[in-house]
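Colleague: This is the structure I want to talk about, given as structure tokens.
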Amino acid sequence: MQCMSKQVKNEKMEAIVSLAKRRGFIYQGSDVYGGLSGTWDYGPLGVTLKRNVMNLWWRHFVEQRDNMYGVDAAILMNQKVWQASGHVDTFVDPLCEDTVNKRRYRTDHILKDNGVDPDGMSMDQMDEAIIKNDIKSPDGNPLSASRTFNMMFKTHVGAAQDEGSVSYLRPETAQGIFTNYKNVVDSFYPDLPFGIAQMGKAFRNEISPRDFVFRSREFEQMEIQYFVHPDKWEEAFNELLASTHEFLHLIGLKPEHIHELDVPKEDRAHYSKKTIDIEYDYPIGKEELLGIAYRTDFDLGNIQRVSKKSMEYQIKGTNEKFIPHVIEPSFGVERALMAVLSEAYTEDSVNGEKRAYLRLPAHLAPVRCAVSPLLKNKPELVKKARKVYEQLKHELGNVMWDDNGNIGKRYRRQDEIGTPKCVVIDFQTLEDDTATVRDRDTTSQARVAIESLLPALQVD
Ligand code: GAP
């Protein structure tokens, strides 16, 4: 029974990956040259869907609050950033090796794949579990003892290739926020609590990237550092957790698919005193979508120590001074996107025929509506449809012209990419200036006056 449900779930994942590629959402990176593992390219529909998710996040967490400040920091940063933050020493995963063919694996993944839960285990305990359970590599060979592997991509800045020119592709956007904390305070002097938000690329040399975009080597994060009085961290933590649930609702995730995990101390990142992971029921299983961490004054304290510049905040009109503490909600864009696609992917049957479609929330759909003439060889229909299309496109932007194949095929194609409504211009339109508006989810059709189309299609 268990096996069957796992198989069904993987079939769903495969169906999503195949739809994503076929319909221009997400392609393997460098595909034409055989690919580059852990990298993905967004196609015309994927880039819009991703931006819609990111724009919604920005609106929810930045624009609709009066104490949030946005930044867009450089990806390459002074190496001192990663020394002070602890990433050079501690941003590591346990790596073991197939002793025969030298293929490398993440030890915790090997355990998980063999039915052993690695949560809370030290690296030595993982090695013991491998021996005790007689676990071999996926090729059936003995595994080596584990060692740590730093996940940062190292590079050099400038012409000299020495220790002084070392830099890293940022593994989190957070440090670009911490290093701008002082700048924002100097420019705006906001009252506490206030937050600084950033969205952008992060890079991790994952030992085994897998599960589509879930674990990639290049991905995007949406992060907030929320600066608070040390006595008020708990209230801020709870407020941001509640706001996070609101956002997950906005992107269409059902509450029954969302779970909170209070991460035990031994599994928390080196900087965190409390972490709640939000997990989602992906087709691959229940996995981390995002995390909210209480980072205390760990980062600003380190910056002050290494840079010798004060990171203290003085409460206005008082002599009270301290280094603010930080609550950090950290979202992965790809994981949010994979949750959105998993939630939206639906199979049903229409007139006895199997249909697979994306039940995306209308405000996220890459195409808001498609406009078609019923028949493409009737110039009077095409002329009228073109006019309606241009008007709607002018107002809504993401409107698609679709006159390919018969009307049934057009509906299926639009359903598959999650287009909420299709507008069809037919002979009745020429008589009474109404069009057929067909709904993706119910497949029902209604006649709507052309002049009322815009309000019928608007979702904001
Ligand atoms: N600044 C805190 C931080 O980076 P993290 O738990 O390492 O914390 C935060 O990462 C989020 O970034 C994760 O919850 C996940 O959504 C996303 N993420 C991390 N590694 C990822 C990867 N290899 N591929 C895709 N998303 C990833």
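The values are calculated or read from the model by the stated rules, or taken from the named source; none is laboratory data. All values derive from a computational prediction rather than experimental measurement. Virtual Cβ from ideal backbone geometry, glycine too; neighbours counted across all protein chains shown. For the accessible areas, the whole protein counts, side chains as well, though only heavy atoms, and no ligand, DNA or RNA atoms are used. Shrake-Rupley method; radii C 1.70, N 1.55, O 1.52, S 1.80 Å.
Colleague: Can you list residues from other chains, or at least 5 along the same chain, whose modelled amide H is less than 5 Å from the amide H of residue 149?
Modeller: Under 5 Å from the amide H of residue 149 lie the amide H atoms of 93, 95, each far enough along the sequence or on another chain.
Colleague: HN-Hα J couplings of segment 355-368 from phi, Karplus 6.51/-1.76/1.60, θ = phi - 60°, integer Hz, Gly and Pro as x?
Modeller: For segment 355-368, the Karplus curve yields 10, 10, 8, 9, 8, 6, x, 4, 6, 9, 4, x, 10, 6 Hz.
Colleague: For segment 1-137, what is the relative contact order in percent, using Cα pairs closer than 8 Å and at least 6 residues apart in sequence?
Modeller: 10 percent
Colleague: Let me ask you something else. Measure out, as a whole number of angstrom, how far apart the alpha-carbon centroids of segment 278-330 and segment 82-132 sit.
Modeller: 27 Å
Colleague: Would you compute the Debye intensity of segment 142-266 from its alpha-carbon atoms alone, equal scatterers and no solvent, and pass along log10 I(q)/I(0) at q = 0.09, 0.18, 0.20 Å⁻¹ to two decimals?
Modeller: -0.42, -1.29, -1.35
Colleague: Ranked from highest to lowest mean number of other Cβ atoms within 10 Å per residue, what is the order of the peptides 226-233, 296-303, 113-120?
Modeller: Details: 226-233: 18.2, 296-303: 20.4, 113-120: 12.8.
Taking the mean over residues of other Cβ atoms within 10 Å, the ranking is 296-303, 226-233, 113-120.
Colleague: Assuming R0 = 30 Å, what is the FRET efficiency of residue 398 and residue 189, from their Cβ-Cβ distance, to the nearest 0.05?
Modeller: 0.15
Colleague: Additional query: Once phi is turned into ³J(HN,Hα) by the Karplus curve 6.51 cos²θ - 1.76 cosθ + 1.60 with θ = phi - 60°, what whole-Hz value does each residue of segment 337-347 show in order, with x for glycine and proline?
Modeller: Going residue by residue, I get 5, 5, 5, 4, 5, 5, 5, 7, 5, 9, 10 Hz, with x marking Gly and Pro.
Colleague: In what sequence, highest mean first, do 43-51, 441-449 appear when ranked by Cβ atoms within 10 angstrom?
Modeller: 43-51, 441-449
Colleague: In addition: I need the phi-derived Karplus couplings for segment 217-234: 6.51 cos²θ - 1.76 cosθ + 1.60, θ = phi - 60°, integer Hz, Gly and Pro marked x.
Modeller: Residue by residue, segment 217-234 yields 8, 10, 8, 10, 10, 10, 10, 10, 9, 10, 8, 9, 5, x, 6, 10, 5, 5 Hz.
Colleague: Which value does Rg/Rh take for segment 218-298 over its C-alpha atoms, Rh per Kirkwood?
Modeller: On the way: Rg = 13.4 Å, Rh = 13.8 Å.
Ratio value, two decimals: 0.97.
Colleague: Next question. Based on the alpha-carbon gyration tensor of segment 12-117 and its eigenvalue square roots a ≥ b ≥ c, which shape applies: rounded if a/c is under 1.5, prolate if not and a/b is larger than b/c, or oblate?
Modeller: Numbers: a/c = 1.95, a/b = 1.17, b/c = 1.66.
It comes out oblate by the Cα gyration axes.
Colleague: Name the long-range amide H neighbours of residue 202: under 5 Å, sequence gap of 5 or more, or other chain; modelled H, no Pro or chain starts.
Modeller: 219, 220, 221
Colleague: Can you give me the % of accessible surface on the chain that is carbon or sulfur? Probe 1.4 Å, all protein chains present, nothing else counted.
Modeller: 49 percent
Colleague: Using modelled amide H (1.01 Å from N, peptide plane; none on Pro or chain starts), what sits under 5 Å from the amide H of residue 137, excluding residues fewer than 5 places away?
Modeller: Amide H to amide H, under 5 Å and 5 or more residues apart or across chains, residue 137 pairs with 143.
Colleague: Out of all Cα-Cα pairs in the chain, roughly what percent, to the nearest whole number, are more than 30 Å apart?
Modeller: For the chain, the share of Cα pairs beyond 30 Å comes to 55 percent.
Colleague: So what is the 222 nm mean residue ellipticity for the chain from helices alone, if each DSSP H run of at least 4 adds -39500 (n - 2.57) and you divide by all residues, rounding to the nearest 500 deg cm²/dmol?
Modeller: -10000 deg cm²/dmol
Colleague: To the nearest 0.05, how large is the calculated FRET efficiency for residue 89 and residue 11 if R₀ is 51 Å and r is the Cβ-Cβ distance?
Modeller: 0.75
Colleague: Once each part is reduced to its C-alpha centroid, what is the distance from segment 360-419 to segment 218-254 in angstrom?
Modeller: 37 Å
Colleague: In this model, which of 154/254; 232/316; 112/265 are farther than 28 Å apart at the alpha-carbon?
Modeller: On the way: 154/254 40 Å; 232/316 17 Å; 112/265 20 Å.
Cα-Cα > 28 Å for 154/254; rest within.
Colleague: Here's a follow-up. Relative contact order, percent, of the chain when contacts are C-alpha pairs under 8 Å separated by at least 6 residues? Can you show the working numbers first?
Modeller: Details: 800 pairs, mean separation 59.3, N = 460.
Once divided by the residue count of the chain, the mean separation gives 13 percent.
Colleague: Highest first, please rank the peptides 167-173, 209-215, 14-20 by the mean number of other Cβ atoms sitting within 10 Å of their residues. Don't skip to the answer; put the middle values down first.
Modeller: Numbers: 167-173: 21.1, 209-215: 19.3, 14-20: 17.4.
In descending order of packing, they fall as 167-173, 209-215, 14-20.
Colleague: Tell me the per residue accessible area of the chain using a 1.4 Å probe; a whole number in Å² is fine. Mind showing how you got there, number by number?
Modeller: Details: 22490 Å² over 460 residues.
I get 49 Å² per residue for the chain.
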